[in-house]
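Comments concern the structure below.
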């Protein structure tokens, strides 16, 4: 998985992942009116809007962007029809050769974790195997410990898939927990302390040793935000996470709308300008709403232009 993602980034020359997180208000009027006329004011209509919108975006981006990351909650909001829209979106992205990260943020234990792992390993029924979700990797919450991660590690190795584990997120209130000072053990100078996200980073690095790719990076990857909120972790947290996780590939949210810049995240990349992929959602998929140059007819062109601008911005800092 990780080698495939790195290859896709090299092919496109672009360390960007586009968050396919559509909101009803983003949908161009032409698509919206067509689906309302066909399906009425129903969840099915909203789901069909998302499918048409996403396919237009994917058609415009697949040759310049290596990966997409649909956030499943945006689809679950519309129930059965929304889940269908999510699956059709992931399937279409795969058809176009894109790497797909399912932003599902699962985190449970025992048989529940094993069931969630079907997002990666698929589902078997009477000897027949189905890859229902069409995802190369998923996001995970590690709060319940390795019990919540282990079934996914198995899927990573057996099906060549991957996970991105939340380590340091970019939302402001993340510091309430992630920057809490914890005791990490005793040393010659007495008890040592570290921030909670540093503890998590160490565990992710250790878990990753069980699922290494040929590239030198693990299939057990990390989510590390471009911004750190306002807690104890100042800007040097970016250096800390790379030092703590030298063989861990990073998914970086927080660029653009949340205030993160290309210059901010430069030091999270490795010395060769690799090891990371940077997310943008609204900045690309809602670009048509931010300029008089674009309208309902050319929303996909707006997304393509925004993606190319982001690529140029990131590469200028590497």
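Each reported figure results from applying straightforward, stated rules to the coordinates on display, with no laboratory input. All values derive from a computational prediction rather than experimental measurement. Using ideal geometry, Cβ is built from the backbone for each residue, glycine included, and neighbour counts are taken over all protein chains shown.
If I take R0 = 45 Å and measure r between the Cβ atoms of residue 181 and residue 157 in this structure, what FRET efficiency does the formula 1/(1 + (r/R0)^6) give, to the nearest 0.05? Efficiency computed from Cβ-Cβ geometry: 0.80.
Sorting check: for 30-41, 115-126, 160-171, which peptide has the highest mean count of neighbouring beta carbons within 10 Å, and how do the rest follow?
160-171, 115-126, 30-41
Placing dummy labels 7 Å off each Cα toward the beta-carbon, the span from residue 144 to residue 110 is 0.9 nm. Our summary of shape: the Cα atoms of segment 2-317 have principal axis extents of 72, 52, 36 Å, ordered from largest down, in whole angstrom. In terms of the mean number of neighbouring beta-carbon atoms within 10 Å, the peptides 209-215, 61-67 order highest first as 61-67, 209-215. Kindly list the residues of segment 137-161 that lie in the label zone of residue 83, defined by a backbone N under 19 Å from the point 7 Å along the Cα-to-C-beta vector. So the set is 138-139. Each of residue 266 and residue 3 was given a label point 7 Å from its Cα along the Cα-to-Cβ line. The distance between the two points is 3.2 nm.
By DSSP, the beta bridges lying fully in segment 2-317 are antiparallel in about 30 percent of cases. Hey, for a label at residue 290 modelled as a point 7 Å past Cα toward Cβ, could you say which residues of segment 27-53 have their backbone N under 16 Å away? Answer for this model: 27. When each of the peptides 216-227, 276-287, 12-23 is scored by how many other beta carbons lie within 10 Å of its residues on average, the order from highest to lowest is 216-227, 276-287, 12-23. Overall dimensions of segment 1-118, expressed as equivalent-ellipsoid semi-axes from the Cα gyration tensor (√(5λ), whole Å, largest first), are 26, 21, 10.
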